Amino acid sequence: MTSCHVTEDPIKKVAIFGGTHGNELTGVFLVKHWLENGTEIQRTGLEVKPFITNPRAVTKCTRYIDCDLNRVFDPENLGKKMSKDLPYEVKRAQEINHLFGPKDNEDPYDIIFDLHNTTSNMGCTLILEDSRNDFLIQMFHYIKTSLAPVPCYVYLIEHPSLKYATTRSIAKYPVGVEVGPQPQGVLRADILDQMRKMIKHALDFIHNFNEGKEFPACAIEVYKVMEKVDYPRNENGDIAAIIHPNLQDQDWKPLHPGDPVFLTLDGKIIPLGGGSTVYPVFVNEAAYYEKKEAFAKTTKLTLSARSIRSSSH
């Protein structure tokens, strides 16, 4: 029996995006540092470009100016005619797509790392958009192993109706990096250190791959989004119950049917319905109040990747 390994093209161009959301400061801080001194992100034979994605939102320390930049990279928005009425983030998306993307560019970026913070207690999280991508599963396995014993979770957002048009989705290999808990508009040294290490290990993986190292078949545990759960609301649409203390900060922990999920001001507990255990993520995320999402339910899966090596060796 022959070993089933996949050869992939070597990685040539990598971008690191910070400030897709202008009030998530770790990515902003790191990218600005690397723009001044990029020594730690340089690897032989690799072009690594740090980039502030939403400069106006960064200046104002707000998530966005007109609309969420991390949701507008779809053909409809990218194809809109330039006009002064276009939302700032849609114009910006077109610029970013032109600079980095495959939609109108012969030479797209191979990998985009998009750096985010969450107010939820999610620790180090990698966001995967494709469960069949051997290269990314291998990279995530390498990062997880390198970070151990610090846990690193993988959030799989492969879903027919919940897949959104992310800033990083214009690359061949899109990678979301999400580290929390950190309040909006705040920097924390521990969170910054974790994100910095995640990028270091990712770049080391790319370097080893480009140098001809073969990565044997591997498997990782991932949490796949199933549905997003809104807060209970009254007839005016206002929030009528808040996250129960037993659920607060319990991202990635099993939540069983009947467990408390919400709590009203008069002490009424609203439990988890349904017949199966779920794993909540983005619990009580500040930025998701406007999106009517109290948390996302996920299910735990194992993904396997075949052995990979670079086609240049």
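Considering region 185-216, the residues that are assigned to a helix (DSSP H, G or I) and β-branched (Val, Ile, Thr) include one that is surrounded by the most Cβ atoms within 10 Å (Cβ to Cβ), namely 206. Candidates 100, 73: the one that is surrounded by 15 or more Cβ atoms within 10 Å (Cβ to Cβ), at pLDDT below 95 and closer than 26 Å to residue 197 by Cβ is 100. When region 247-270 is filtered for residues that are surrounded by 15 or more Cβ atoms within 10 Å (Cβ to Cβ) and outside any loop (DSSP other than H, G, I, E, B), the ones remaining, listed by number, are 255, 260, 261, 262, 263, 270. Among the residues of region 277-305, those that are more than 17 Å from the chain's Cα centre (by Cα), within 25 Å of residue 135 (Cβ to Cβ) and buried (at least 16 other Cβ atoms within 10 Å of the Cβ) comprise 303, 305.
Please work out if residue 305 is over 30 Å from residue 141 (Cβ atoms) and in contact (Cβ under 8 Å) with a residue 24 or more places away in the chain. Against the criterion (over 30 Å from residue 141 (Cβ atoms) and in contact (Cβ under 8 Å) with a residue 24 or more places away in the chain), residue 305 does not qualify.
Cβ-Cβ distances below 9 Å connect no pair with a first residue in region 3-25 that is without any contact (Cβ under 8 Å) to a residue 12 or more places away in the chain, a second residue that is crowded, with 24+ Cβ neighbours inside 10 Å and among the hydroxyl-bearing types (Ser, Thr, Tyr), and a separation of six or more residues or different chains.
Looking across region 111-148, the residues that are closer than 21 Å to residue 196 by Cβ, part of a loop (DSSP other than H, G, I, E, B) and not β-branched (Val, Ile, Thr) come down to 120, 121, 122, 148. Is it the case that region 155-173 has a residue that's more than 17 Å from the chain's Cα centre (by Cα) and farther than 19 Å from residue 12 by Cβ? Within region 155-173, one or more residues are more than 17 Å from the chain's Cα centre (by Cα) and farther than 19 Å from residue 12 by Cβ.
Might you let me know whether region 46-53 holds any residue that is open to solvent by 10 Å² or more (accessible area, probe 1.4 Å), farther than 18 Å from residue 202 by Cα and part of a helix (DSSP H, G or I)? No, there is no match, as no residue in region 46-53 is open to solvent by 10 Å² or more (accessible area, probe 1.4 Å), farther than 18 Å from residue 202 by Cα and part of a helix (DSSP H, G or I).
The values are calculated or read from the model by the stated rules, or taken from the named source; none is laboratory data. Just so you know, these numbers come straight off a predicted model, no measurement behind them. Please note: Cβ atoms are built from the backbone with ideal geometry, for glycine as well, and neighbour counts cover all protein chains shown. Side chains included, ligands, DNA and RNA excluded: accessible areas come from the protein's heavy atoms. Shrake-Rupley method; radii C 1.70, N 1.55, O 1.52, S 1.80 Å.
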